[in-house]
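Input: a single structure, listed below in structure tokens.
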Amino acid sequence: DRPRVTRTLKTIGDEITLYVGEKSALSGGYPVSNDLKIIVLSEPSFYWSMERPLSEFRSKRLFFGKAEDVTEVSLELKGDLRYRISKGEKHWALEGAGITGSVRAGAGEANALISSLERLLLADRFITDAFDPQQDDFRLKEPPFIFTVRSGEKTERIFFSVPIGTGAVARRERSSTVVEVDERFEKELGRTAADYQDRTLASFVATKVHRL
């Protein structure tokens with residue numbers, strides 16, 4: 001009579017309402033009833049899915065492209081280029097502070113950065129969906145960090161800041177949603193061009209070496 005949770009499921013041409021009662025002390029399951037008054041005892045995991053907050057159903061990704069399509073990644077700090085990694089015909093090219101011209105980027109380092117766009121560039125917590133540039137408590141109107149990703153002809157820009165008392169926060173360009181970033185990706189904001197430079201001194205096939 002007094003369900004703990006009510007959920008409505010809509011399908012094409014139909015609508016189902018489920019009523020979930022209190023947890024059973026004997027089985028640990030939850031009684032579930034529908035409009036036909038049919039009652040079944042569900043697994044505890046079923047109630048967990050019903051009780052999840054709205055934020056748990058949101059996409060946590062800040063980069064919506066695919067890693068294999070990325071052709072260029074760059075990071076700016078307060079208007080100055082920190083590094084830019086661009087895909088060439090045979091290898092990744094690197095530019096940035098402390099480097100003269102363009103040099104070769106380490107393949108492993110470049111690929112790890114590109115891969116992290118899908119694996120680690122995630123929202124750890126949704127802070128607000130109503131970012132107000134006139135009350136910029138997050139320093140995202142003129143952000144110190146600007147991360148730019150190019151995939152073919154598509155360009156995505158993500159603004160980052162590190163306010164006092166919290167982890168890094170981010171906002172996608174043309175978005176009013178502000179999130180706290182997964183701390184594993186936050187480390188990328190501290191890297192420099194030197195961290196991505198190719199350190200290979202010699203390249204050879206080990207099985208063809210006859211003398212050292």
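A crude spin-label estimate for the pair Lys37 and Asp195, with each label 7 Å from Cα along the Cβ direction, gives 6.5 nm.
Distance between the pseudo-spin-label points of Glu72 and Glu89 (7 Å out from Cα toward the beta carbon): 1.9 nm.
The modelled label-to-label distance for the pair Arg172/Lys141, using points 7 Å beyond Cα in the direction of Cβ, is 2.4 nm.
Taking Arg172, Arg104 and ordering them by how much accessible surface each has at a 1.4 Å probe, largest first, produces Arg104, Arg172. Put Arg174, Arg157 in order of accessible area, highest first, and with a 1.4 Å probe you get Arg174, Arg157.
Can you figure out the FRET efficiency of Arg58 with Ser24, using R₀ = 41 Å and their beta-carbon distance, to the nearest 0.05?
Details: r = 31 Å, r/R0 = 0.76.
The computed FRET efficiency comes out at 0.85.
Ile127 contributes about 50 Å² of solvent-accessible surface, heavy atoms of the protein only, 1.4 Å probe.
Figure note: Ser102, Ser176, Ser74 ranked by solvent-accessible area, largest first, 1.4 Å probe, ligands and nucleic acids not counted: Ser102, Ser176, Ser74. Rounded to 0.05, the FRET efficiency of the Arg125 and Val103 pair, given R0 = 41 Å and the Cβ-Cβ distance, is 0.60. Rounded to the nearest 10 square angstrom, Arg119 shows an accessible area of 130 square angstrom against a 1.4 Å probe.
Excluding same-chain neighbours fewer than eight residues apart, the lysines reachable from Lys78 by a Cα-Cα span under 20 Å are Lys141, Lys187. Net charge of the neighbourhood of Lys78, taken over other residues with C-beta under 14 Å away and scored Lys/Arg +1, Asp/Glu -1, is 0.
The values are calculated or read from the model by the stated rules, or taken from the named source; none is laboratory data. Bear in mind that the values here come from a model prediction, so they are computed numbers and not experimental data. Every residue, glycine as well, gets a Cβ built from its backbone with ideal geometry; the counts of neighbours run over all protein chains shown. Quick note on the areas: whole protein, heavy atoms, side chains included, nothing else; ligands and nucleic acids left out. Shrake-Rupley method; radii C 1.70, N 1.55, O 1.52, S 1.80 Å.
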